[in-house]
1. Based on DSSP H runs of at least 4 residues, each adding -39500 (n - 2.57), what is the mean residue ellipticity at 222 nm of the chain after dividing by all its residues, to the nearest 500 deg cm²/dmol?
2. Averaging sequence separations of C-alpha pairs under 8 Å and six or more residues apart, then dividing by the length of the chain, give the relative contact order as a whole percent.
3. What accessible area per residue, rounded to a whole number of Å², is obtained for the range 168-283 using a probe radius of 1.4 Å?
4. May I ask you to order 154-160, 41-47, 274-280 by the average number of other C-beta atoms within 10 Å around their residues, highest value first?
5. What length, rounded to one decimal in nm, is gained on full extension from Leu224 through to Glu262, with 0.36 nm per residue of separation minus their alpha-carbon distance?
6. Taking amide hydrogens as modeled 1.01 Å from N in the peptide plane, which residues meet the under 5 Å criterion relative to Gln234, leaving out close sequence neighbours?
7. Output the peptides 101-110, 79-88 sorted from most to least packed, where packing is the average of other Cβ atoms within 10 Å over each peptide's residues.
8. For the chain, which whole-number percentage of the solvent-accessible area (1.4 Å probe, protein heavy atoms only) is attributable to carbon and sulfur atoms?
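The values are calculated or read from the model by the stated rules, or taken from the named source; none is laboratory data. Being a predicted model, the structure only gives us computed values, none of them experimental. We place every Cβ from the backbone using ideal geometry, glycine too, and count neighbours over all the protein chains shown. Heavy atoms of the whole protein, side chains included, go into the accessibility calculation; ligands, DNA and RNA do not. Shrake-Rupley method; radii C 1.70, N 1.55, O 1.52, S 1.80 Å.
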Amino acid sequence: MRHPILLPLTAVLACLAACAPAPQPATKTAAPPAAVAGQKFQHDGVDLYYEVHGSGEPLLLIHGNGGSGRDIAAQIAHFRKTYQVIVMDSRDHGRSGDSASKITYEKMTDDQAALLDHLKLGPVHVVGWSDGGIEALLLALRHPAKVKKLVSMAANLTPQGLRPDSLDFIRDILKDSKLPARDRKVTEMMLTEPQIKLTELEKITAPALILASDHDMIADEHTLAIFHHLPNAQLQIFSNATHMIPFDDPDRFNSAVSTFLEKPFRKVDRLGDTMKSLEKLRASSAK
């Protein structure tokens, strides 16, 4: 199982015993989705592997750092029942090819946009976890016409959005001289990227659900800052959970996402809606 930030498995095995406790076993796992013949297309000179599952409104799922579509099997199995689920292995990840140049979140995001063009889809719902959450936000920034609703689980806008102990763990992993070059490339990225300004988020008009756990690898105040800078956003913090809740408790995670996607988005008026409910409460109490 991958480390809570979805670091490459080989890197985790090399460092876990010395610098982090073993991850807790999953409370419930979903059966992997039925086999679908993967396909490839090329963008920016990179062969990119993707799968399409189910039918219905299109839903793009985006995995995290060092992972692949296999990491989100529980989400594929759940959402394919009512959506057309699209999943791609990011460049330099999983079954996709390697890129010759430096990997960036912008390049991976543009790959996702190119996949939607390749499939002639859009706008779509977008659900991303960890690095995938970063890409979900960037997709809404760089390709706003392609995003209908977005869900971003445990994203950070800069490396400093990670908790200090999370950054220390990444640095410890990179000290391993035997770390495979591919793993090193995607792990090093997290120490310098992303570099997204909070004010940039104010340009995103798509309804957004910002998710994190109360024991996440992302700093709590950073998640709150992301939420407060999105003009049309909802916030949900999973209690007694970690960065790994999409794997550890997929029922709880998937339920939260499903509710957001299925219900019409309504922007809450913090003071106005509070006063309306207070008036109803007072009227009910007076009877």
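1. On the way: 10 runs with 110 residues, N = 287.
Mean residue ellipticity at 222 nm (helix-derived): -11500 deg cm²/dmol.
2. Details: 530 pairs, mean separation 51.8, N = 287.
Here the relative contact order equals 18 percent.
3. Details: 6470 Å² over 116 residues.
Per-residue accessible area for the range 168-283 comes out at 56 Å².
4. On the way: 154-160: 21.1, 41-47: 14.4, 274-280: 10.4.
Going by the mean number of other Cβ atoms within 10 Å, highest first, we get 154-160, 41-47, 274-280.
5. Values: separation 38, 0.36 × 38 = 13.68 nm, distance 2.37 nm.
Extra length available between Leu224 and Glu262 comes to 11.3 nm.
6. Ala208, Leu209, Ile210
7. Details: 101-110: 18.3, 79-88: 22.7.
Highest to lowest by the protection proxy: 79-88, 101-110.
8. On the way: 7200 of 13360 Å².
Answer for the chain: carbon and sulfur cover 54 percent of the accessible area.
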